Amino acid sequence: MAEALARQLEDTLDPTSEVMSLQMGPSHPATHGTVKFNLKLDGEKILDMDVEIGYLHRGFEKMCEQRTWNHVVPYTDRLNYISPLINNAGFALAAERLLDIQAPERCQYIRMIMSEISRMADHFTCLGMAAAEAGAISVAFYGLEARETLFDIITAVTGARLTVSYARVGGVTQDLPEGFAERVRGAFKDIRAVMSDCDNLLSKNRIFIERMSGVGVLSKEDAISYGVTGPLLRASGVAYDVRKSDPYLFYDRVDFDVPTGTEGDNYDRFSVRFEEIRQSMRIIDQALDQIPEGPVRVDDPRISLPQKKDVYGNIEGLMNHFKLVIEGVKIPPGEVYQAVEGGNGELGFYLVSDGSGRPYRVRVRPPCFFGMAALGQMLKGYMISDIITTFGMVNMIGGECDR
C-alpha cells in the first residue's frame, strides 16, 4: 500500500505524468456550499478524491454551551435548515429525557406531524435540485412548487418559513391553527399530482436514468463501515430507520414502510427519497386521525413560560418569566443521547447537564457528515461529471456538517 501511494505521489509530481491534481471548490457553483474536493484525475476519470468540509466554522456546539436550554432552539434551526422542525424536536426530546418528563400527547403528535412535513420539504428540495443538475429543470420547478406548499403550512403553524424555533423544552410554542387537518389533506392532493408529473417526466427519461443508474455505487458493507444512515444507507439495501428501530414520539402507533434499494447507486437514492415522501404523507394522515385535544406544553412553572396575561398582570408571573428567560430551565445533572430520523439519516444530540440553566456540553451527530466521508469512496473510478449528481444525492447541508 505504501509503495502504491509513493508511486501515485511520484506520478503527481512528475510534469509528464497523466495524473493531474485538481481542487474543486470551496466556492464552486455545483457544490452549493462550503466544501472542497481535492481530486486526482486521469483525464476526466477520478482516481482519488479527498473531501474537505471545514470551511464554515460557526462553532455551533460551543455557542449552544453559552446559552440557556431554550435559547439553543434557534441554533438547531440552522443545522439542517431545510427541515428545522426535526432538529427542534430532537433537541427538545433529549432535554426532556434529562428532565425525566414527557410532553403532552397532543404536543408529541404535533412534533411528529411537523417533522414529517419538514422531511417532505427536505426531500423535495434535494430531488428537485438533483433533477436540475441532471438537466431535468422542469422537475426542479415542480419540486419547488410542492416545497412551497409545505412551507406555507409550516408558516401557518409556526409563524416563520425557514428558521422556525417552534419547539420548547416541554412542548411547542403554540397549538395548530384552526382547519389544519383539512388544509394539509388538501395540500397532499396537489402534492400527489406533482409527484405523478415528476414520475412521468423521469421514469422513462433515458438521459436521467443513464446519468443516475450505476453511478456513485456504495455497497452495503461500505455504507455500514462508514456509519452512513438515512436514504444513503437504505439505498444500499439496509432497512435501518430510527423511527422503526428505536421509536420516539408516537411512531410506534402508525403504520409505514421503510423503502430500500438494491444497487446503492444514485438512482436508488433518488427513488428511496421519492418513496419516503409518500410514506411521510401516510404517517401524517394517521397522526391527524389519532391526535387528541389537550395542552401543548407541560404545566410546570419551572419548565414552561407563564401565559402573557400572568406576565403582565401579576408579580409572580413576571418573576417566573424573568427567571426562566435569564437563568433558563434547571435540568438535573446527567448525560443523554437522543437520536431522531432526520432528512439525511440519524440525527443525534448528546447533551450533558451540570444542573445549571445552560448545557454543559452539546454534541451533534450530523447525518450528512458521514455521507460526505463516504463520498470519495462512491466516486472512485467515475467521471468528473458524476461528482455533481452524486454530491447532490448525499444532500450535504453546510450548517449540519459544520465541524
Quick one: what pairs do we get from the stretch 185-214, first residue under 14 Å from D268 (Cα atoms), second surrounded by fewer than 17 Cβ atoms within 10 Å (Cβ to Cβ) and small (G, A, S), C-beta under 6 Å, 6+ apart or different chains?
-> none
For residues that are more than 30 Å from M372 (Cα to Cα) and either in contact (Cβ under 8 Å) with a residue 40 or more places away in the chain or in a helix (DSSP H, G or I) (or both), tally how many sit in the stretch 306-348.
-> 24
Using beta carbons and a limit of 9 Å, which pairs, at least six apart or on different chains, have the first residue in the stretch 38-56 and not assigned by TED's automatic domain parsing to the domain that holds P367 and the second one part of a strand (DSSP E or B) and among the small types (G, A, S)?
-> N38/S21; L39/S21; K40/S21; L41/S21
Going through the stretch 304-357 in order, the residues found to be basic (K, R) and surrounded by 12 or more Cβ atoms within 10 Å (Cβ to Cβ) are K323, K330
Does the stretch 77-89 contain any residue that is more than 15 Å from the chain's Cα centre (by Cα), modelled with pLDDT of 95 or more and farther than 20 Å from M281 by Cβ?
-> no
Odd one out for A187 among (1) touching a Ser or Thr at 6+ places or on another chain (Cβ under 6 Å); (2) at pLDDT below 95 = (2)
Here are some residues: M372, M396. Which one is part of a loop (DSSP other than H, G, I, E, B) and under 15 Å from the mean Cα position of the chain (by Cα)?
-> M396
Search the stretch 210-257 for residues being part of a helix (DSSP H, G or I) and among the hydrophobic types (A, V, I, L, M, F, W, C), and hand back the single one that is farthest from the chain's Cα centre (by Cα).
-> M212
Condition check for I397: out of contact with any strand residue (DSSP E or B) (no Cβ under 9 Å at 6 or more places or on another chain) and surrounded by 19 or more Cβ atoms within 10 Å (Cβ to Cβ) | yes
Search the stretch 154-187 for residues being part of a loop (DSSP other than H, G, I, E, B) and among the polar types (S, T, N, Q), and hand back the single one that is nearest to P74 (Cα to Cα).
-> S165
Do the conditions hold for Q290, that is, is it within 20 Å of the chain's Cα centre (by Cα) and either modelled with pLDDT of 95 or more or within 27 Å of R106 (Cα to Cα) (or both)?
-> no
Quick check, is R111 buried (at least 24 other Cβ atoms within 10 Å of the Cβ), among the basic types (K, R), part of a helix (DSSP H, G or I) and assigned by TED's automatic domain parsing to the domain that holds P332?
-> yes
Filtered residues of the stretch 154-180 (kept if surrounded by 17 or more Cβ atoms within 10 Å (Cβ to Cβ) and under 15 Å from T125 (Cβ atoms)) = I154
Test: residue in the stretch 292-303 that is closer than 23 Å to R97 by Cβ, out of contact with any Gly (no Cβ under 9 Å at 6 or more places or on another chain) and either in contact (Cβ under 8 Å) with a residue 60 or more places away in the chain or not in a loop (DSSP other than H, G, I, E, B) (or both) | yes
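The values are calculated or read from the model by the stated rules, or taken from the named source; none is laboratory data. Since the structure is predicted, the reported quantities are computational estimates derived from the model, not experimental observations. Neighbour counts are summed over all protein chains in view; Cβ atoms, including those assigned to glycine, are modelled from backbone coordinates with ideal geometry.
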